[in-house]
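Structure record follows, encoded as structure tokens.
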Amino acid sequence: MASINIAAKYKISLKEPGIAGVLRMAEERFTFTPHDPRSDSKLDVPFRSVKAHKFSKDGSKQALLNIQLHEGGAYIFDFESFSERNVCRDFVGRVLAKLQSVAPAKVDKAVPNKTAPSVSGEQLSAMEMERRMKLLREDSELQKLHKQFVMTGILTESEFWATRKNLLDDAVHNLTKQRTGFKSSMLADIRPSIDGRSNKVHFNLTAEIIDQIFAEKPAVHRAFLEFVPNKMSAKDFWKKYCEADLLHKTKNVVAAAAEAAEDEELAMFLKRDDILANEVRQKIKRVDPTLDMEADQADDYLHLPGHGILHGGRKDTSDAENELSRRTLSQDLNRHAAVVLEGRTLDVESGDIMAVAEAHVMSKKGSSIETSDKSENQERQEKACRMTELEDLQGPRRLPYASLCIKDPRDYFDSQQANALNSLGDNGVGFTSIDNSLSLEESYTYLIKQISEAKVKGHIDIVEPDVALKVLDGLNNHLSSTKHHIVKNPLVSVLDRLPVAIKDELMDHWTLIQELLRHFWSSYPITTGYLYNKVLRIKEAMAQIYHKLQEIKESVHSDCRHLVFLLVQPMLQALDAAFAQYEADDQKRSAKGAKPNGFFKQG
């Protein structure tokens, strides 16, 4: 029994709008996966726990399916159309009838809030399933093929969509939109508003500004996840951050140190960003050591001990004993430029600050900062050794060679041509002279011989007159009828001259044949039992269409029989070629006495 995947809404009660998702039904269980991955309304229910099912009448307001359980309770699903609801209703009915026919087994309990593996053998995300459903809704022909092949069990979901990866890729390309990057304005340009009456400073921190703060200052992002909401609220956290930002802008190190000594929570914003310092150390390790680092007068390593710009024979570095940050405007500019060039890794659409912080964590999981492993270090050391080799201490690197003695090329080619002509003459192969000149007596004898042969044979008709007349009459009748139709409407094709019913039926059969042949020929060579059973299913479906085409040829009116023959004949030839391939491969396999791996006989 084939599995089905249909879009539906899961409802806890009839009055609720429902949760959109995908309902998957297999022979043993049915599952429901919401489109929203954060939703808890995931279902995994075995059919053995189902007692009965109810459904709304066709033509009512909603296409509902109510699946009731043995232990009480029910699952209500709302479908987009009654046809899709009826497919699930009939599927549930067949499964329940099959379970009732066998011996009663122990009833399993439903397992909600648990993601079940895909019944079709492939793990599909909610976004992937949504793309497939959207393609089926937008393309009626594709939806018809899906119902014809997948619902009837001729093809599985994965087989059907395997030949349409280009459509899925196009859908992904159309859905993906360009992310808006960070603004060029720096965080330093965000000016607070000062209330003169109450002497209060107000900062307006939007979700976009907070996203930029998390990107440019990883230590603030780490502190937010650590303190909010366990130790303080988000409002108090950003209040401390703004106070530290004001102290940093005043550039009063003494006042900042005094405030940090009294308030530990404020001090964490005034300390040096150890995450950025670690990133800079990793950058230094990846730098080619053969470069002159002191020649770079615009480095971004001033906040690291032992790095800085030379001023009068000494370096202006931060005091190692003072842990407060003393970054300059140039360093802030460089950090902001690096974040802008890196681009935004997520879209900030909601005002949920915690969601923005968690999204930054997920985006950083895929790319680790410490990318320099032992192999990279070894490669970097080898490169440094190659670049720092002293040429005067190295041995000569000259490849061995054989001296080339160039002679007169004319002697070589002349000798080769003479050898070739001699070999042709010795073997009796080559050009031979033919003497076409004949004497007078030889010409006369040849002419008399030709006249004698003509007298013996006589004048025999090449084609019999009766047969020729019959063929010409048939051609004239066909040409006259064709000319009549063409003159009547020269732009009308062969299909347009057929009745609408026959035309639609032939077009549907041709579409089905194309799909079946595509899967048939892609299954060869048959190397597994899976491919063997797939070819068997496709062959049976093609045989049914073959008989239907034969019936159309025989039942059509005599006026359209020739036109139908012109359209049906290529279809039959394509199917005959597929049947011939199957018979030849089957005979070859029977002669060897071997069956594909994993072969099993279908009942």
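Assessment of segment 236-252 against the conditions (part of a loop (DSSP other than H, G, I, E, B), basic (Lys, Arg) and surrounded by fewer than 17 Cβ atoms within 10 Å (Cβ to Cβ)) yields at least one matching residue. So if I check each of ASP170, ASP139, which one is within 25 Å of THR511 (Cβ to Cβ), at pLDDT below 70 and surrounded by fewer than 18 Cβ atoms within 10 Å (Cβ to Cβ)? Exactly one of ASP170, ASP139 is within 25 Å of THR511 (Cβ to Cβ), at pLDDT below 70 and surrounded by fewer than 18 Cβ atoms within 10 Å (Cβ to Cβ), namely ASP170.
I'd like the full set of residues that are under 24 Å from the mean Cα position of the chain (by Cα) and surrounded by fewer than 18 Cβ atoms within 10 Å (Cβ to Cβ), limited to segment 21-43. Within segment 21-43, HIS35, ASP36, PRO37, ARG38 meet the criteria.
Suppose we filter LEU64, LEU99 for residues that are assigned by TED's automatic domain parsing to the domain that holds TYR10, at pLDDT 85 or above and of a type in the set (A, V, I, L, M, F, W, C); which single one remains?
LEU64
Selection of segment 45-76 for residues being among the small types (Gly, Ala, Ser) and without any contact (Cβ under 8 Å) to a residue 40 or more places away in the chain yields SER56, GLY59, SER60, ALA63, GLY72, GLY73, ALA74. Of the residues making up segment 574-587, not a single one is over 20 Å from ARG518 (Cβ atoms), assigned to a helix (DSSP H, G or I), in contact (Cβ under 8 Å) with a residue 40 or more places away in the chain and not small (Gly, Ala, Ser).
Which residues, taken from segment 44-61, are assigned to a loop (DSSP other than H, G, I, E, B) and loosely packed, with under 15 Cβ neighbours inside 10 Å? Hits for segment 44-61 are LYS57, ASP58, GLY59, SER60, LYS61.
The values are calculated or read from the model by the stated rules, or taken from the named source; none is laboratory data. Small disclaimer: the values here were computed from a predicted structure and weren't measured. We place every Cβ from the backbone using ideal geometry, glycine too, and count neighbours over all the protein chains shown.
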